[in-house]
Structures are given as C-alpha cells and as structure tokens.
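Below is one structure; the comments refer to it alone.
The values are calculated or read from the model by the stated rules, or taken from the named source; none is laboratory data. None of these values were measured; they are calculated from a predicted model. Counting neighbours? That spans all protein chains shown, and the Cβs are built from the backbone with ideal geometry, glycine included.
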Amino acid sequence: MRACLKDDVGVSPAELVYGQCLCLPGEFFRDSAPPSRMLTKIDLVQKLRTFSRNLRLVSSSHDSSDDHSFVHPDLQSESDVFIRRYTIRRPLEQTYQGPYKVIRQKEKFFCIEINGKEATFSIDQLKPAYFLVDPSTPHPSFPDHRSNPVSDSVVARSGRRVRLTTPFQSSS
C-alpha cells in the first residue's frame, strides 16, 4: 500500500513520489459539527426508524394498471390499420404488416379482415394507416412512352451485335 511507511527509509512511497501523504478513506471527512450537535446512538436509531416508517413501496411491476402503452389518437377513427409483428426479423424486414381493413372496433380490441378471415388484435399492436389516395379508387394507368431505338441490332466491326438503350430505360 502506498500510504504505509517503509522501515528502511522512514517515509511512505507516496511521500517519495508526490511529496506529501495520501489521504486515507477515513481522512476524507472531518467532523465539522460541534460535539453538542452530534447525535447520540439512541437519537440516530430513532431517526432511522421514523425515516424507514415513512418510506412507501413503489410498484416495480410494468404490468400495473396505471401504466398504459401508447395508443395513437387517430386509431379509433381509421378504417385501415397496420399490425405490429413481434417476431425476430431479418435485416431491413418491415416491423408492421398491412394495411388491413377494420371490421369492428371494441374498447381494447379490433376485429380485422386478413386474407378474407376475421382476426382480433389488441390496440397495443395496431397503428393507423394513412393513404394519400383512397384505396378503393383505381390508380390511373399511364401509357408506356418508351421510345423504340431506330434499329434493334447494330453490328460492330468485330461482328458482335450491340443493343443501344436510352437513358432511364430499363434493360430487357
């Protein structure tokens, strides 16, 4: 220990290195209160007893009825929802499945149509689905505006056939 005196030198290794003694753990705190204000053992025990009597237990359970999970405010008014998957997912796999159509709503459960079958899910597993366009209206179809190359096959000097593609056109 660095604070112990060495018999041959008469000083501690800390005094040789730092030039002064190290503070031992018992020397960190000094009695700053006068002896008249010091508590006796009986007073200290009585204070500890009253303090421990006033302590109240705190529920450590996460299942208590006071602790609610987040429920989106728009969930009650939405007709389509996403369902959270509680499985081990691969990288980049979606957390939510859906959207699915809501058949019935109860206070804590929703009946949802999945692949033509009715299933019941807790509101903790659901998230409202928002659509930019109403899902019942068909999406407009746009005509294909791909320009065909002048000649499908161009023959190079070496005899190889070269197909030219226009920018932003998928190769097929």
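Observations
- Once the stretch 1-17 is narrowed to residues that are surrounded by 10 or more Cβ atoms within 10 Å (Cβ to Cβ) and in a loop (DSSP other than H, G, I, E, B), the residue that is modelled with the lowest pLDDT is R2.
- Restricting attention to the stretch 18-53 and to residues that are at pLDDT 85 or above and aliphatic (A, V, I, L, M), the residue that is farthest from the chain's Cα centre (by Cα) turns out to be I42.
- Any hit, the stretch 89-99, residues being surrounded by fewer than 13 Cβ atoms within 10 Å (Cβ to Cβ), at positive phi, among the hydrophobic types (A, V, I, L, M, F, W, C) and assigned to a loop (DSSP other than H, G, I, E, B): yes
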